[in-house]
1. Taking R0 as 25 Å, what's the FRET efficiency between Glu317 and Thr292 from their Cβ-Cβ distance, rounded to 0.05?
2. Can you work out the FRET efficiency for the pair Gln58 and Tyr260, with r the C-beta to C-beta distance and R0 = 51 Å, to the nearest 0.05?
3. Arrange the peptides 64-71, 86-93 so that the one whose residues have, on average, the most other Cβ atoms within 10 Å appears first.
4. How large is ³J(HN,Hα) for each residue in the range 173-184, as worked out from phi by the Karplus curve 6.51 cos²θ - 1.76 cosθ + 1.60 (θ = phi - 60°), to whole Hz, x for Gly and Pro?
5. Which peptide among 276-289, 185-198 comes first, and what is the full order, when sorted by highest mean count of other Cβ atoms within 10 Å?
6. Compute, for the range 2-48, the length of the dipole vector about the Cα centre, with Cβ point charges of +1 (Lys, Arg) and -1 (Asp, Glu) only. Units Debye, rounded to 20.
7. Could you list, in their original order, any pairs among Lys72/Lys97; Lys174/Lys282; Lys66/Lys152; Lys175/Lys288; Lys72/Lys282; Lys30/Lys66 whose Cα atoms are separated by more than 26 Å?
8. Quick check on packing: order 167-176, 94-103 by the mean number of other C-beta atoms within 10 Å, highest mean leading.
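Values in this text are rule-based calculations from the coordinates and carry no lab data. Nothing here was measured: the structure is a model prediction, and the numbers come from that model. Cβ coordinates were reconstructed from backbone atoms using ideal geometry, including for glycine residues, and neighbour counts include every protein chain displayed.
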Amino acid sequence: MTLYQRGKVWWYEFEFRGQRIRESAHSRTKSIAERIERERRRHLELGSVGLKEHRAPQMFSVASKKWLEASKTHWSASNYRIESINLGHLAPHFGRKLLVDISGDDISRYQAVRKEEGASPRTVNMEVGTLRAILRKHRLWANIQPDVRMLKTRGEIGRALSADEQHRLLTACKKVRSRSLYPAVLLSLHTGLRNAELRLLRWRQIDFLEKQLIVGKSKTAGGEGRVIPLSETAFKALQEWRREFPDASPAHYVFPTERYGLAGEEGYLEGKVVPYAIDPTKPIGSWKVAWTAARTAAKVDCRWHDMRHTFVSRLAESQASDATIMSLAGHLSRKMMERYSHTRAEAKRAAVAVLDHSRPVAE
């Protein structure tokens, strides 16, 4: 073993199984550098025979922070925000507990407290899912899994909007402050794109020659890369929206981040709103405010995801096959496919019912 200094910092060098190990001890003290070198050698020797050092138990507060930072690289900004919120609720209950001491009973008590606070079953399940991910990372979840039961959630899978509701909603979208809401909602109704798929859409994913759209990053592997032909209505809406961005490049987002304000002194008098601070290299964060205003004005009680259900429902009513629906919509749960199989059956009955009135029957 060799110890030497580079500047004022000590380094160590030794040979292990024919491999030269040369590393900094990150210390200016020789005795500490010697201890660090011994621990490093010991760690290598244990690893070479398949043994692992026994790690000291970690508190949930410490482990959760490490897990969050380690996972951040693989998540979207929205996913990171959701997990951070979940940990905000978990911390007061589990923060001072050692991971090894967390039990199924502790989780049951947490679920009861969160329900009393008014959290929905789905929200509580998401928070417990975050706790589960941390315990799994430390190989501790399997020990308590048999004692944990997720809360029962409602089996709602959304609803399809009627033609009148769609008309009222689109009309209201044209009148709100956000100029991108109308093309976004119309495109959602005509393509079935999820909210995130729509927000992250780039111009290079739209083929104006073939009149089709290629989905980029998606919630599921089956959804990513799927090709969706554009209806004439959706195609014309995209052409008009594209004219708003004469300098757009293929890498730019279709719905970029932008802010809105009154147009100068005349704007204050006339109430004219114009966009500014447009950044096509960043996608819009959310349509939440404008979407709420449009739904309220249209008097339509729905969720954004219901537009996807509307798209799939209309495909089912057209007698499209399951394979076609899956290809256009991406992943659909078995429950959703059962719902739309029922929709197809109802459409067939309605079609056949016409025959009862088309010809008289013999008496």
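1. 0.30
2. 0.65
3. 86-93, 64-71
4. Taking θ as phi minus 60°, the curve returns 4, 6, 9, 7, 5, 6, 6, 8, 5, 4, x, 5 Hz for the range 173-184.
5. Listed from highest to lowest mean packing, they are 185-198, 276-289.
6. 160
7. Lys66/Lys152; Lys30/Lys66
8. 167-176, 94-103
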